[in-house]
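The structure appears below as structure tokens.
Read-outs throughout are calculated quantities, based only on the coordinates presented, and are distinct from any laboratory measurement. Because the structure is a prediction, the values reported are computed rather than measured. Glycine also receives a Cβ, built like all others from the backbone with ideal geometry; neighbour counts cover every protein chain displayed.
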Amino acid sequence: MGMRREARERALQVIYALDSNPSLDISDMLPLFQEEMLEIPQRMREFASILVRGVIEKREVIDREIRTCSKNWALGRMSRVDLNIMRIAAFELMFCEDIPKKVTINEAIEIARRYGDRESPAFVNGILDEIPVCKKLEESA
């Protein structure tokens, strides 16, 4: 498994924990999260932290975009694992101009394959394919 995928999976764990327990605060979770990630390189810890902070800070915009792209699914009906995988990927697509769309979606599919159910990879792929990428990537393509 690549370092970035491991960072994405660690970010998923924190975002899932925060989503599952609204009384938790990101400032309480991040030190524990950083401590658990000491065995991976610093730049991967930083990447995971960017994902966690980005999803938390941009969650409203991300959720609106996922809601728009998931025509017959309310966010509350989605599995929390699938939803949080899509939140991370949507953050990358919408706000990380250095990560190609194909890479982000493929990583999300592989993480969904590992943590979701049998339908998760196709579900995640179908919705993420509709999420717009950040403007700078669109202009350079």
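Please work out how many pairs of lysine residues in the chain are eight or more positions apart (or on different chains) and have Cα atoms closer than 19 angstrom.
Lysine pairs satisfying the spacing and distance rule in the chain number 7.
Hey, can you rank 11-23, 78-90 by average C-beta count inside 10 Å, highest first?
Descending packing order for the listed peptides: 78-90, 11-23.
What nm distance separates the two modelled labels at K71 and R5, each placed 7 Å from Cα along Cα→Cβ?
3.2
For the chain, set up a GNM with springs between Cα atoms under 10 Å and report which of G126, G116, G76 has the largest fluctuation.
The residue that fluctuates most here is G76.
Among V133, S49, P22, which residue has its Cα positioned farthest towards the positive end of the charge dipole of region 3-140, with +1 placed on the Cβ of Lys and Arg, -1 on the Cβ of Asp and Glu, and the dipole taken about the Cα centre?
Of the candidates, V133 comes out farthest on the positive side.
Could you go through region 79-87 in sequence order and give the Karplus-derived ³J(HN,Hα) for each residue, using 6.51 cos²θ - 1.76 cosθ + 1.60 with θ = phi - 60°, rounded to whole Hz, and x for Gly and Pro?
Per-residue couplings from phi come out as 4, 4, 5, 4, 4, 6, 4, 5, 4 Hz.
Can you compute the label reach from E119? Point 7 Å from Cα along the Cβ direction, backbone N cut-off under 14 Å, restricted to region 82-96.
82-83
With θ taken as phi - 60° and the coefficients 6.51, -1.76 and 1.60, list the Karplus ³J(HN,Hα) couplings across region 99-115 in order, rounded to whole Hz; mark glycine and proline as x.
10, x, 3, 4, 5, 4, 5, 4, 4, 4, 4, 5, 5, 5, 4, 7, 10
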